[in-house]
Amino acid sequence: MILRALTLAVVAASFPLASVAADNDARTVIEKLDDLPRHSYNIELPVTELYAPQNRDALLALAHAVADDVRADLERYDIRDDNTVQDFYALLGTVALLDEDWQIAGNDRHIRHH
C-alpha cells in the first residue's frame with residue numbers, strides 16, 4: 001500500500017481576530033468558527049481506509065487527537081457561536097461512541113465535563 005499523508009482541517013481560522021473576554025473569564029472570546037485556530041492531523045493511509053476493521057487503531061488515534069484539541073479549545077476559548085459549541089460536543093459524543101463508552105455517549109452533561 002502506498003502511504004499518503006492527509007491533513008484534516010478541523011477548524012479553520014485566523015487566531016488574531018479574537019478578543020479577550022471581559023468580566024472574570026480570562027479566556028479569549030470566539031464569536032464564530034472561523035476565529036478558532038486550525039488543527040491538522042497527518043495519517044499515513046487513504047482516508048477511505050480509516051473505517052476498515054484492520055485500521056481501527058488509526059481511526060481511534062485520529063479521533064482521540066481531534067477530541068483532545070476540541071476539549072482544549074473548549075477550555076481555552078469562550079466560544080459564543082452556539083452551533084460551533086454544539087458541533088464540538090457532538091464530536092465528543094461521536095468519539096465516545098467509537099470508544100464504545102455508552103455512558104459518556106448518552107450523557108451530554110458528562111461529555112461537557114469530561
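The numbers here are math on the coordinates, done by the rules we state, and not lab data. Note that the structure is predicted; figures quoted are calculated from it, not measured.
Observations on the structure shown:
- Estimated at 0.36 nm per residue, the fully extended path between residue 97 and residue 83 surpasses their Cα-Cα distance by 3.0 nm.
- Residues whose amide H comes within less than 5 Å of that of residue 29, counting only those at least five positions distant or on another chain, are 19, 20, 21, 78 (H built at 1.01 Å from N in the peptide plane).
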